[in-house]
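Enquirer: First, the structure itself, so that you have it in front of you.
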Amino acid sequence: MTTLTRNASPAEHAVRRPLKRRGQSDLKIALFFIAPAMIGFIVFYLVPTLRGIYLSFTEYSILGDPTWIGTANYEAIAKDPLFWNALAVTSQYVLINIVLQTALALGLALLMHRVAKSTWIRGALLLPYLMANVIAALLWFWLLDYQIGIVNYFIESIGLPKVAFFGSEEWAIPTQALINTWRHMGYTALLLFAGLQSIPHHVYEVANLDGASPWQTFRKITVPLLRPVLVLVLIVTVIGSFQVFDTVAVTTLGGPVNASRVLQFYIYQKAFTESDFGYGSALAVILFVILALVAFIQMKFLKGNESDLD
Amino acid sequence: MTTAKVPAPARAAARRRPFNWRRAGAWALVVLAVAVSVLPFYWILRTALSTNGSLAGNATNLLPADFNLGAFKRVFGLQSPEEAVAEGGSGAQIDFWIYLRNSALFATITTIGAVFFSAMAAYAFARLRWRGRNLVFSLFLATMMVPPIFTALPNFLLIKNLGLLNTLAGLVLPYIFMTPFAIFFLRQFFLNMSREVEEAAMLDGAKHVRIFFQIILPNAAAPIATLALLTFIGQWNEYFWPLLVGQEESIRVLTVGLGVFKSQSPQGAPDWSGLMAATLVSALPVLILFAVFGKKIVNSIGFSGIK
């Protein structure tokens, strides 16, 4: 314990110390510790990723062997109206989610930060997030029922026409997005709340001295300093939303007509209902690429890695 | 919002002021948000304790319409098919005890395996020195980016080829060795642990295995418990993989069973009270965990999201 090492952060400390202490490497023992995880990683993550890419270039009905057909699946997908519909429907869902969820969560986070810091309230808001998608879907399937659902009862009682939330083409996707927003709103708010708490108070004090209005403070200080968390929240929301499946699978099953046939549900149907594994894999590759692009673009444009604080 | 503008002494004064419209409005919003989050759960209970026949006539009655436990009996297969049909059920045999057991096994086994093996790997990444450590770690991290559906298709084929469809092993295998998130989560904690106790143990001749079990694991008990809690809840709620691999009645988990129960509802008039009773049964373990460990779960969210 010399004075020299005292300055090192615990993380650096952990990395550097053994280096000086013992010249030899811990490779053998490290292999022992990492072996189970390594098996899981290779068998259930790495190889499936490569195999999925390979399968996307084949025709494969599960029963026989996969036959290599080059880019035929991708060419078919480009001309597949159901794919483009699924992409459009999914994008609509993602868009509603980002706007609604981020706006509501930011509002809630500000309320928690300024008005109510209670753990009880945070817990209550987090409750929907802890429920399975299937449960959230069934719960709202009941609340939003056309005949005797409580929500439609209220809509009628204020003089508006009932809404066929799951049964109409224009409402099918917004309804799924609303359910998802309900489930994730509190979680997203908690992430943003944690971000708000990390903004040092003196920054606000300086703004006050300069006579900044609350709106200016919010735009010029809160939002920029919250940016790393906002980027994370946006990425998590978009990536999660693109993979919506559970809610659709237990409520509308892609309907009415194709109104809620989102990408992941289409992949599921192709691979498991129609036994077209090659085509399903190619669709999954496209989804994968979309997600990677989205994350990359968001990181790049919103400069997620940097914080204005340092 | 105004509080930010007012200098500190004046703000303290504002807090003492008996009534403030802005603050009242803000609180009203908070209450509204809490109500929207929590009240639907009361509606599940209320519906589950009602009979289907009475629901339609009492759409807004806050108390159960025609209070009875028939829906729960139906869910646990304690009603004869005739009784079930009379109360608006489908009359089809369904037994949630089996699903409850399967969900418990699936979630418990995967949680124990994933947390333990991930802790071992995290130890190697955080505390041991070996070539390629950072490279391997970034590879592991990269897998967090791969969407689950993408690996689910080939993994389904693998499980099918191994002849493990509709078995517990098939359900459990992809999760039991590790999850990238668990490794990432625990590594953060292990990196920040003090080296002193560990070094003292080394001087006493302790080997890595002993250090891992007797020093690292006990000292990281809190984050490990949190991780186990989050993993368990996540696994309990998992739907897609069990839907692919565990379709047979004997191996169905609750989420999949719920979907089946819903689709068995007769045309036109779903068995709402039965469905809500089943939903409540499925949510119960998470609700209990939440009642016991609520604070831990809430406080872990800030960390798990932003490291």
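Enquirer: Out of residues 5 or more away from A:Thr58 or on other chains, whose amide H comes under 5 Å of its own, with H placed 1.01 Å from N in the peptide plane?
Expert: Long-range HN contacts for A:Thr58: A:Ile69.
Enquirer: Counting only other residues whose beta carbon sits under 12 Å from that of B:Gly53, what net charge do I get with K and R as +1, D and E as -1?
Expert: On the way: positive: none; negative: B:Asp66, B:Glu87, B:Asp271.
Once positives and negatives cancel, what remains is -3.
Enquirer: Now for a different question. What percent do you get for the relative contact order of chain B when only Cα pairs under 8 Å and 6+ apart count? Before the final figure, lay out each step's value.
Expert: On the way: 289 pairs, mean separation 83.2, N = 307.
Reported as a whole number, the value is 27 percent.
Enquirer: Averaging the inverse of every distinct alpha carbon separation and then flipping it gives the Kirkwood radius. What is it for region B:38-118, in angstrom units? Walk me through the numbers before you get to the answer.
Expert: Working: mean 1/r = 0.0673 Å⁻¹.
Evaluated on region B:38-118, it is 14.8 Å.
Enquirer: Where the centre of each part is set by its Cα atoms, how far does region B:151-181 sit from region B:25-84, in angstrom?
Expert: Cα centres, region B:151-181 to region B:25-84: 37 Å.
Enquirer: Projected onto the charge dipole of chain B (+1 at Lys/Arg Cβ, -1 at Asp/Glu Cβ, origin at the Cα centre), which of B:Gly53, B:Met202, B:Leu32 gives the Cα projection farthest towards the positive end?
Expert: Working it through, the farthest residue towards the positive pole turns out to be B:Met202.
Enquirer: Turning to a different aspect of this structure: Nearest 100 Å² is fine: what is the total accessible surface buried where chains A and B meet, probe 1.4 Å? List each step's numbers first, then the result.
Expert: Details: alone 18910 and 18330 Å², together 27890 Å².
Looking at A and B, the buried total is near 9300 Å².
Enquirer: Starting from 0 in steps of 10 Å, tell me what percent of the Cα-Cα pairs of region B:134-193 lands in each bin.
Expert: 19, 42, 27, 11, 1
Enquirer: Turning to a different aspect of this structure: Order the following by accessible area, largest value first: A:Asp276, A:Asp246. Probe radius 1.4 Å; ligands, DNA and RNA are ignored. Display every interim value, and only then the final one.
Expert: Numbers: A:Asp276 45, A:Asp246 20 Å².
Listed by decreasing accessible area, they come as A:Asp276, A:Asp246.
Enquirer: Still on this structure, I have one more. Please turn the phi angles of region A:221-234 into ³J(HN,Hα) values with the Karplus equation 6.51 cos²θ - 1.76 cosθ + 1.60 (θ = phi - 60°), one per residue in order, whole Hz, x for glycine and proline.
Expert: So the J values, rounded to whole Hz, are 10, 4, 4, x, 6, 8, 3, x, 6, 4, 4, 4, 4, 5.
Enquirer: Tell me, what is the 1.4 Å probe accessible area of B:Leu230, in Å² to the nearest 10?
Expert: Solvent-accessible area, nearest 10 Å²: 40 Å².
Enquirer: Using the alpha carbon gyration tensor of chain B, what are the three equivalent-ellipsoid semi-axes (square root of 5 times each eigenvalue), largest first, in whole Å? Intermediate results must be reported in sequence, preceding the final value.
Expert: On the way: eigenvalues 350, 236, 53 Å².
Value: 42, 34, 16 Å, ordered largest first.
Enquirer: Right, here's the next one. Using a 1.4 angstrom probe, figure out how much accessible area region A:159-310 has per residue, in square angstrom, rounded to the nearest whole.
Expert: I get 41 Å² per residue for region A:159-310.
Enquirer: Can you give the direction-averaged projected area of the convex hull of the alpha-carbon atoms in region B:139-298, in nm²? Mind dumping the intermediate values first?
Expert: Details: hull surface 53.7 nm².
Average projection, Cα convex hull of region B:139-298: 13.4 nm².
Enquirer: Grab the DSSP H runs of chain B that are 4 residues or longer, score each as -39,500 (n - 2.57), total them, divide by all residues and round the 222 nm result to the nearest 500 deg cm²/dmol. Could you put the intermediate results ahead of the total?
Expert: Values: 16 runs with 210 residues, N = 307.
It comes out at -21500 deg cm²/dmol, rounded to the nearest 500.
Enquirer: With a cap of 15 neighbouring Cβ atoms within 10 Å, and only residues DSSP puts in a loop, list the chymotrypsin sites (Phe, Trp or Tyr not before Pro) found in region A:140-190. Intermediate results must be reported in sequence, preceding the final value.
Expert: Values: sites: A:Trp140, A:Phe141, A:Trp142, A:Tyr146, A:Tyr153, A:Phe154, A:Phe165, A:Phe166, A:Trp171, A:Trp182, A:Tyr187; in loops: A:Tyr146, A:Phe165, A:Phe166.
The qualifying sites are A:Tyr146.
Enquirer: Moving on to the next point. On the accessible surface of region A:45-155, probed at 1.4 Å, how many percent belong to carbon and sulfur atoms?
Expert: On the way: 3410 of 4850 Å².
Within region A:45-155, the accessible surface is 70 percent carbon and sulfur.
Enquirer: Show me, for region B:244-249, the HN-Hα J-couplings you get by feeding each phi into the Karplus relation (A = 6.51, B = -1.76, C = 1.60, θ = phi - 60°), rounded to Hz, glycine and proline as x.
Expert: Those phi angles translate into 6, 9, x, 8, 6, 3 Hz.
Enquirer: Write down, largest first, the equivalent ellipsoid semi-axes of chain A in whole Å, where each equals the square root of 5 times an eigenvalue of the alpha-carbon gyration tensor. Please report the intermediate quantities before stating the final value.
Expert: Numbers: eigenvalues 306, 245, 65 Å².
Taking √(5λ) for each eigenvalue gives 39, 35, 18 Å, largest first.
Enquirer: If one computes P(r) from the Cα atoms of region A:41-193, what percent of pairs lie at distances over 24 Å? Please report the intermediate quantities before stating the final value.
Expert: Numbers: 6706 of 11628 pairs.
Taking all Cα-Cα pairs of region A:41-193, the fraction more than 24 Å apart is 58 percent.
Enquirer: What ³J(HN,Hα) values, in whole Hz, does the Karplus curve 6.51 cos²θ - 1.76 cosθ + 1.60 give for region A:108-114 when θ = phi - 60°, with x put for Gly and Pro?
Expert: 5, 4, 5, 4, 5, 6, 9
Enquirer: How high is the relative contact order of chain A, given as a whole-number percent (alpha carbon pairs under 8 Å, six or more residues apart)?
Expert: 27 percent
Enquirer: Kindly provide log₁₀ I(q)/I(0) values, in the same order as q = 0.17, 0.21, 0.23 Å⁻¹, from the Debye equation applied to equal alpha-carbon scatterers of region A:193-278.
Expert: -0.75, -0.96, -1.06
Enquirer: Report relative contact order for region A:92-204 in percent, whole number only (criteria: Cα-Cα under 8 Å, sequence separation at least 6).
Expert: Numbers: 98 pairs, mean separation 51.9, N = 113.
About 46 percent, as a whole number.
Enquirer: Rg(Cα) of region B:188-283 divided by 2.2 N^0.38 Å?
Expert: Working: Rg = 22.8 Å, N = 96, 2.2 N^0.38 = 12.5 Å.
Ratio of Rg to 2.2 N^0.38 Å for region B:188-283: 1.83.
Enquirer: Lys and Arg at +1, Asp and Glu at -1: add these up for the other residues within a Cβ distance under 15 Å of A:Leu130 and post the number. The partial results should precede the final answer.
Expert: Numbers: positive: A:Arg122, A:Arg183, B:Lys295, B:Lys296; negative: A:Asp246, B:Glu238.
Local net charge: +2.
Enquirer: Based on the Cα atoms of region A:34-95, what semi-axes does the equivalent ellipsoid have, where each is the square root of 5 times one gyration tensor eigenvalue, given in whole Å with the largest first? Mind dumping the intermediate values first?
Expert: On the way: eigenvalues 166, 84, 15 Å².
They are 29, 21, 9 Å, listed from largest to smallest.
Enquirer: To the nearest Å, what is the center-to-center distance of region B:238-287 and region A:79-134, using C-alpha atoms only?
Expert: 24 Å
Enquirer: Under the Kirkwood approximation applied to all pairs of distinct alpha-carbon atoms, what is the hydrodynamic radius of region A:247-292 in Å? Don't skip to the end; give the middle numbers.
Expert: Values: mean 1/r = 0.0920 Å⁻¹.
It is 10.9 Å.
Enquirer: Now for a separate question. Hey, what's the Cα Rg ratio for region B:60-201 versus the globular rule of thumb, 2.2 N^0.38 Å?
Expert: Working: Rg = 23.4 Å, N = 142, 2.2 N^0.38 = 14.5 Å.
Here the answer is 1.62, to two decimals.
Enquirer: Moving on. Using amide H atoms built 1.01 Å from N in the peptide plane, name the residues 5+ places from B:Thr51, or on other chains, whose amide H lies under 5 Å from its own.
Expert: Result for B:Thr51 returns B:Ala65.
Enquirer: Translational diffusion coefficient of the protein assembly as shown at 4 °C, 1.567 mPa s, Stokes-Einstein with Kirkwood Rh over Cα pairs, in µm²/s as a whole number. Walk me through the numbers before you get to the answer.
Expert: Working: Rh = 26.7 Å.
Rounded, D is 49 µm²/s.
Enquirer: Right, here's the next one. Please give the per residue accessible area of region B:28-140, computed with a probe of 1.4 Å over protein heavy atoms only, in Å². It would help to have the intermediate numbers written out before the result.
Expert: Details: 4990 Å² over 113 residues.
Averaged over the residues of region B:28-140, the accessible area is 44 Å².
Enquirer: Then there's this: In a GNM of chain B with a 10 Å cut-off on Cα contacts, which of B:Val30, B:Val292, B:Val38 has the highest mean-square fluctuation?
Expert: Its mean-square fluctuation being the largest, the pick is B:Val30.
Enquirer: Then there is this: Please compute, for peptide A:117-128, the average count of beta-carbon atoms on other protein chains lying within 10 Å of each residue's beta-carbon.
Expert: Working: counts 0, 1, 4, 4, 6, 8, 10, 9, 7, 6, 11, 5.
That works out to 6 on average.
The values are calculated or read from the model by the stated rules, or taken from the named source; none is laboratory data. All figures in this text were calculated on a predicted structure; none of them were measured in a lab. Using ideal geometry, Cβ is built from the backbone for each residue, glycine included, and neighbour counts are taken over all protein chains shown. We work out accessible area using only protein heavy atoms, side chains counted, and drop any ligands, DNA or RNA first. Shrake-Rupley method; radii C 1.70, N 1.55, O 1.52, S 1.80 Å.
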